[in-house]
Each structure stands twice: as C-alpha cells, then as structure tokens.
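Take a look at the structure set out below.
Bear in mind that the values in this text are calculations on the coordinates, not laboratory data. Since the structure is predicted, the reported quantities are computational estimates derived from the model, not experimental observations. For neighbour counting, all protein chains shown are included, and Cβ atoms are generated from backbone atoms with ideal geometry for every residue, glycine included.
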Amino acid sequence: MDYPMRRDDPFHPPPDYARLRAELPVSRVRLRTGQRVWFVTRQADAKVVLGDPAFSSVPSAPGYPAIRPLPEGPPPPGVFLAMDPPEHTRFRRMLTGEFTVKRMAALRPVIDEVIADCLAELTAVDGPVDLVEVFARPVPSLVICELLGVPRSDREFFNERSQVQLDRAASASAVAQAVEELRVYLDGLVRSKTADPGDDLLSRLVVQRLRTGELTHEELVGIARLLLVAGHETTANMIGLSVLTLLAQRSRWEELCADPGLVPGAVEELLRFSSVVQQGVARAVVAEISVGGQRMRPGEGVLVALASADRDERVFADPDTLDLRRPAGRHIAFGFGVHQCLGQMLARAELVAALTALTRSVPGLRLAIDPADVEFRPDMAVYGISALPVTITARVGE
Ligand code: HEM
C-alpha cells in the first residue's frame, strides 16, 4: 500500500486506517521515495513504538522513514526532537522548567491579551473575513514570540518560513532557504539576548545554561528554532480546524456557546478528533522487537499513525463521532513517550483561551462559504486549513 493514503472526507483520516486497524494493525507501506516501512495504526502498538528505546528518532539512523528526502548528516545542534536519550534527555531537562503549570499560568495574561487583539481585528471587518489569517495564525505566532522574546514586528517572517518548512510539496531549495533564513535570524536574536538578557525563555537559558557552559550558542539557536517551528504551525492549524469542525456541526458550536464550562473537555476531544500531526511520526528500529505480532529488525523504518490511534475503537467508543462531553484525555495527538510534546500545556492554554473568547464574543460566527469549498492541506506534515472565510453576525452586546 502506498503512503500517504487519501482521505475521502476532510474531517476524517483516510478510510484505509480503520481497515488496517481491524485487519492488519502493523502493516507495510511504500513511501513516495520508494522505501518500504512499517505502519502502525492501533493505539496500544503506537505506544510501544513511541515508548521503547528499541526505536530511534535520529533521521540519519539506518532505515528512518524518508517521507521526503532527508537532510544529510546529523541534525542541527539543539534540535532535540531528532535525538535519542541520553542526549535528548540533557536538552529536555533544561526546557521542562519553562513549560510548568506555574510558567503557563504566568503566560495566561499574555495569551489573553494576544487573543483580545486578534479578536478585535476579526470583529473590525464588516463582511467575510479569513479567520486563519487574522486569528488562527497570529495567535500562536505572537504567543511563541512573547515566550522567546522575539520582537512582534518579526512575526510575519516566522509565519512564512515555518510554513515552508512543513510543506511536503515544497521544493528542497525553498525549504533549505527558509531553514537558513530562520537560522540566521535566530542567531542574531540569541546574540542580542547574550549581550543584554531580558525576561524571556532565551534570556534565562543564556544566563543559566550558556554562561555556565552547559549550552553552546549554536545549541541555543537550535532550541529556539525547534520551539518556533513546533509551536506555531501545529497550534495555528488546531485553532483553524477546531473552529471549522464546530461550525460545520453547528449544534456542537451552539453547545459550547451555551456552556463555556465545556471548553477544556471539548479541546481534548477536538485534539483527538483532528489529531493534526498527520504525516509521521517516524522512527528507526535500532534493536529487534515485536510489535502487534510483527518482528521488527534494526535498520527498518516505522511510521506511527497518530490520527489512526486517536480513532482506535479499542480506546474510544464511536470514535468517528465528535462528542464534546466524552472523556477524550487518552488521545495521543501530542505523541507519547520521551518525545511527548513539550509544549502541550501551552497549546492547551491557547486552544482553551481561543475557543472561550470566540464562543463568548462571537456566538453568531458562521462560515462564509460552503464547507465543501474550504481548502484543506492534505500534503502538509500538519493537517489543517489554508483559509477560513467567516462572517460575524449577532456580536455580543449588539
Ligand atoms: C513534540 C504535537 C504544540 C513544542 C511533539 C510531538 C507531537 C506534537 C505529536 C511528538 C513528535 C515525536 O514524537 O516525534 C503538537 C500539537 C500541538 C503542539 C498537536 C498543538 C496543538 C506545541 C507547542 C510547542 C511545542 C505550542 C512549544 C511552544 C514541541 C517540542 C517537541 C514537540 C519542543 C519535541 C519534544 C521532544 O522531542 O522531547 N508535538 N505540538 N508543541 N512539541 Fe508539540
């Protein structure tokens, strides 16, 4: 079977996933590059792959799935998503303190302010307005810029470059250029923080880790790049897709507007339902192991279909139904194991704040086009929508 597989309904993963879960939960697929890799569709098996040291996240490891041609050589310094323990652990430990409940609570006013600004822009327009452009993209971009201490005036620069990097259809030269431009910019940013630290994540890492010799300048630049890329596109697409999913099933939107207390649970269900990291998650086998009855050997590649694991009928009853009241917390949209999303609490805080603000302030929000005309992103690593024209009727207070 060829990978990626086609969706026939943009709100649901490819139908092949359900068939494979039932008939051949650990199967083989052929990538566009011709490589054959294991394909894991049930949640229990997905957790084995993501949780066991028999699997490596290093793209240069033999057999690592090349969904598109892989960059040669080792990953850039500091990009710990592409490292294994113990190297990965060293970086992850330095960062966990920046994503604690306490830090997220401190960021809450920033998130609320960013959302209020974007909401004001959304409601300022009379007639159809693109919610992706004025709300879903800028919210996470501004929040991550605040977190890192990136000047707001540079946010457009990041929007464009991080999108190119995740575009499976982008040419290798376009990706390489975007990567290089971001690296050069962040290099300058880290230099300015080193000369004059402020009160932000990069400055704290400068004072606590760079000056003590635990981190090099290049590693800090890599960390900054990873956080920007990982935190922006994922959250932007989750916001856009969540609003679309709710508006396309209007009774669900109205359910949330009527009871804002449902929002945190609804966010978990939307994370499960959309499971936006649609390509990958990739690993290379480094020690022999059995998964779902299949023997995997070193040098083989594995793809874990998170979107399939999050529709696994062994874990979720009636998985293809969006049920805002179900306990959806067992989804693995943020991954599992040592690489489980570092920014998940931040992402949740942004999603809850965004949906709370929208349902409270603009309950009359409507799609300005037919749901069938919405442009989805089937070829991107992160699923979502490119634009969402909406109209705002019946604003609160009018
Ligand atoms: C890792 C999803 C938001 C930072 C991951 C992984 C997934 C994921 C599936 C695991 C990848 C793997 O195992 O190879 C998401 C989704 C998000 C989101 C669905 C939004 C809805 C964020 C945010 C940040 C962030 C807001 C930071 C500001 C990271 C980092 C990693 C990661 C640094 C690598 C962790 C490691 O390797 O230890 N994310 N993410 N993510 N995410 Fe997120």
Residue-averaged 222 nm ellipticity for the chain, from DSSP H runs of 4+ at -39500 (n - 2.57), nearest 500:
-14500 deg cm²/dmol
Treating only Lys and Arg (+1) and Asp and Glu (-1) as charged, each at its beta carbon, one finds that the chain has a dipole about its Cα centre, in Debye to the nearest 20, of 1180
Per the C-alpha gyration tensor (a ≥ b ≥ c, the square roots of its eigenvalues), segment 46-153 is rounded if a/c is under 1.5, else prolate if a/b beats b/c, else oblate; here it's prolate
So how far apart, in nm, are the two label points at LEU70 and ALA124 if each is 7 Å from Cα heading toward Cβ?
4.7
Mean projected area in nm² (Cα convex hull; one quarter of hull surface) for the chain:
18.9
Output the relative contact order of segment 205-309, whole-number percent, from Cα pairs under 8 angstrom with separation of 6+ residues.
19
Return a whole-number percent for the relative contact order of the chain, with Cα pairs under 8 Å and 6 or more residues apart as the contact set.
26
Estimated inter-spin distance, PHE157 and ALA317, nm [label 7 Å along Cα→Cβ]:
5.3
Evaluate the distance, in nm, between pseudo-label points positioned 7 Å from the Cα of ALA105 and of GLU23 along their respective Cα→Cβ axes.
5.3
Tabulate in residue order the Karplus-calculated ³J(HN,Hα) for segment 132-137, using 6.51 cos²θ - 1.76 cosθ + 1.60 with θ = phi - 60°, rounded to whole Hz; enter x for Gly and Pro.
5, 5, 9, 10, 5, 7
Extension gain ALA258-ASP373, at 0.36 nm per residue separation less the Cα-Cα distance, in nm?
38.6 nm
What Kirkwood hydrodynamic radius do you get for segment 117-224 when you take the inverse of the mean 1/r over all pairs of distinct Cα atoms, in Å?
15.5
How large are Rg and Dmax for segment 199-271 when only the alpha carbon atoms are used, in Å?
19.2, 56
